[in-house]
Amino acid sequence: MLDYNLTSQQYHTMSNTFSSSQLKTILEDPELFYKEYITKEIPRKESTAFDVGTYFHTAILEPHLLEEECAVFTGAIRKGKEWEAFKEKNIGKAIITNNEFSTATNMINAVNNSPRAKEYLDGFEREVSAFLEVYVFDGDIHYFDKSEKCFVLRKDGWRECLDITKDVLMEFGVKLVLKVRADAISFEKKAISDLKSTTGNTKSEFFMRSKIDSYSYDLSASLYLDIFTAVSGVEMKEFAWIFSSKDYGNCKTWIASPKNVQIGRAKWSCAVVELAKYVSNGWKFEDTVSNLEPSYYQLEWLDKIKS
């Protein structure tokens with residue numbers, strides 16, 4: 001299902017659906033996922049960096065909502081009566097300070113002054129949500145299109161599956177609903193754009209590669225391409241990260257390579273299979289002992305001692 005009218009708050013608070021950030025968490029630690037998203041023992045993380053990012057995103061993608069969803073605090077520090085009164089007056093809004101406003105403005109200008117970034121924003125539909133019902137069975141992820149044709153996920157994307165029926169999947173598979181929300185999408189260009197506020201030099205390939213690895217942005221890229229492909233019936237081909245730097249004040253657009261997409265697909269598929277396992281076993285965890293191998297770059301030490 002595609003939804004063009006869902007607000008950000010409605011999307012993020014929707015229950016019994018799973019997003020890319022949740023899939024990243026379950027890959028990191030299933031018990032952390034359980035406590036954060038199922039029992040909600042661990043509260044949602046809050047950070048001033050998130051507020052700056054929200055202001056930046058809103059200003060670029062939905063400027064008409066800027067005053068409604070964001071506010072700028074002109075006081076000196078985030079403390080005291082003035083700060084508490086401002087927070088009370090702007091409940092539910094992303095609040096940034098004057099200094100953070102300057103940072104956000106620099107990032108906004110960097111994007112607006114980048115012809116390549118504008119190519120991946122102008123004419124694109126903004127903040128489009130998609131939901132896909134999948135069935136996890138025997139380590140595979142399946143979905144059915146509108147004509148009840150079955151597809152299974154493989155290394156290169158969705159492939160028609162002729163050797164399993166919907167009745168089997170409904171009876172023995174684990175049903176999950178996956179969700180994604182594209183910053184900007186063009187079904188005509190078969191492209192999705194993701195606006196990212198970051199630190200460091202966005203024009204450094206090494207640095208941006210490390211960002212993608214650290215935050216598993218490749219997982220999100222592939223999940224978005226695959227879910228929008230399944231839901232729309234249009235094979236989405238290209239995923240663009242539009243990075244804008246908080247400290248360098250520059251902007252660069254990077255396209256996810258086919259290998260990036262395949263790695264991301266492997267990550268999100270493993271996460272969904274892991275999620276299905278815990279859903280089916282009632283979130284039972286085992287306390288295990290495992291071997292810890294050294295990092296590959298530590299192995300050179302073995303050459304420094306005689307056999």
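Please treat every number below as a calculation from the coordinates, not as lab data. Please read these numbers as outputs of a predicted model, since none were measured by experiment. FYI the Cβ positions are ideal-geometry reconstructions off the backbone, even for glycines, and counts take in every protein chain you see.
Numbers for the structure displayed
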item: Descending Cα extents along the principal axes, the stretch 201-270, whole Å; result: 39, 23, 17
item: Gaussian network model of the chain, Cα within-10 Å springs - most flexible of 33, 86, 56; result: 86
item: Nearest-ten-degree value, helix 98-112 long axis tilted from longest Cα axis of the chain; result: 60
item: Per DSSP, loop trypsin sites (Lys or Arg not before Pro) in the stretch 215-307 with at most 11 further Cβ within 10 Å; result: 284, 306
item: Helix 217-232 vs. the chain, principal-axis angle (Cα, 0 to 90°, nearest 10); result: 70
item: Net +/- balance of residues flanking residue 271 in space, Cβ distance below 15 Å, scoring K and R +1, D and E -1; result: -3
item: Qualifying GluC sites (Glu not before Pro) in the stretch 52-151, DSSP loop, other Cβ atoms within 10 Å at most 13; result: 148
item: Acute angle (nearest 10 degrees) that the helix 48-61 long axis makes with the longest principal axis of the chain, alpha-carbon atoms; result: 90
item: Whole-number D in µm² s⁻¹ for the stretch 3-70, Kirkwood Cα-pair radius fed into Stokes-Einstein, 37 °C, 0.692 mPa s; result: 237
item: Cβ-based exposure ranking for 186, 269, 21, in which fewest neighbours within 10 Å come first; result: 21, 186, 269
item: Selection of trypsin sites (Lys or Arg not before Pro), the stretch 35-91, meeting DSSP coil and at most 12 other Cβ within 10 Å; result: 40, 44, 45, 79
item: Overall Cα dimensions of the chain - principal axes, largest extent first, Å; result: 66, 61, 41
item: Sequence of 251, 270, 161 once ranked by neighbouring C-beta atoms within 10 Å, starting from the fewest; result: 270, 161, 251
item: Residue pairs, from the table 190/246; 87/246; 40/284, whose Cα atoms sit over 20 Å apart; result: 190/246; 87/246
item: The stretch 67-214: radius of gyration and largest Cα-Cα distance (Dmax), Å; result: 22.3, 66
item: Around residue 106: net Lys/Arg minus Asp/Glu count, Cβ-Cβ under 10 Å; result: 0
item: Simple Cβ-charge dipole of the chain, Lys/Arg +1 and Asp/Glu -1, about Cα centre, in debye nearest 20; result: 660
item: Relative contact order computed over the chain (Cα-Cα under 8 Å; 6+ residues apart), in percent; result: 21
item: For the stretch 244-307, projected area of the alpha-carbon convex hull averaged over all directions, nm²; result: 10.2
item: Cα-based Rg / Dmax (Å) for the stretch 46-113; result: 11.9, 39
item: Total formal charge among the other residues, if their Cβ is under 11 angstrom from that of residue 243, Lys/Arg +1 and Asp/Glu -1; result: +4
